[in-house]
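*Asks:* Handing you this structure, nothing more for now.
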Amino acid sequence: WKPPYRLPAFNMMEIVLVGSQSFITKAHKELLTRMPSFFNDALLSVAVVPATDAFFLGTNEGALRLQQIKGLKKEFVREGEQTALASLNLHEDYFGKRFEISANGAVAHSLCLAFGLERLAATSMDVWGEDTTAWPAMTLP
């Protein structure tokens with residue numbers, strides 16, 4: 001295991017929001033603003049950067065470029081190591097259309113906030129040591 005901990009298999013905790021386009025747009029903006037503070041409260045300095053991997057449109061080059069152009073996936077990257085501790089993925093109406101999900105009479109939009117569990121564990125041990133009782137208390141934003 002070495003930073004940036006890009007493993008072929010990993011675990012994550014995801015928070016998924018589904019709703020109207022305006023609800024998802026507002027939630028997306030708020031999470032982009034609040035998540036750096038969440039990590040800073042835990043003494044982890046992060047930067048918000050565009051992701052370099054495709055998420056839900058497939059793994060081909062076209063899907064990757066489309067997601068990058070639209071800015072659909074952002075990562076909260078630990079400064080100094082470039083380890084992505086979490087990502088914020090804006091799905092637009094992709095899943096709403098495919099699964100016929102509606103919100104307020106229109107096709108639903110969605111997003112997810114995903115935390116890489118192995119990356120968080122490795123980073124936590126690197127920063128605060130193996131004694132978990134010495135780690136700072138954290139709460140979700």
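*Asks:* Out of all the residues in the stretch 85-92, is one or more modelled with pLDDT under 95, closer than 23 Å to ASP126 by Cβ and not small (Gly, Ala, Ser)?
*Replies:* Yes: one or more hits.
*Asks:* Can I ask one more? Could you go through the stretch 80-97 and let me know if any residue there is more than 16 Å from the chain's Cα centre (by Cα) and among the hydroxyl-bearing types (Ser, Thr, Tyr).
*Replies:* yes
*Asks:* Next question, about the same structure. Residues of the stretch 82-101 being surrounded by fewer than 15 Cβ atoms within 10 Å (Cβ to Cβ) and in contact (Cβ under 8 Å) with a residue 12 or more places away in the chain, which ones?
*Replies:* Result: GLN82, single match.
*Asks:* Among the residues of the stretch 102-113, how many are more than 13 Å from HIS28 (Cα to Cα) and buried (at least 21 other Cβ atoms within 10 Å of the Cβ)? Outline the logic, then answer.
*Replies:* So in the stretch 102-113, the residues more than 13 Å from HIS28 (Cα to Cα) come out as 102-108.
Those still in the list that are buried (at least 21 other Cβ atoms within 10 Å of the Cβ) too: 108.
Residues that pass the stated criteria total 1.
The values are calculated or read from the model by the stated rules, or taken from the named source; none is laboratory data. Quick caveat, the model's predicted, so the values are computed rather than measured. A quick note on method: Cβ atoms are made from the backbone with ideal geometry, for glycine too, and the neighbour counts reach across all protein chains shown.
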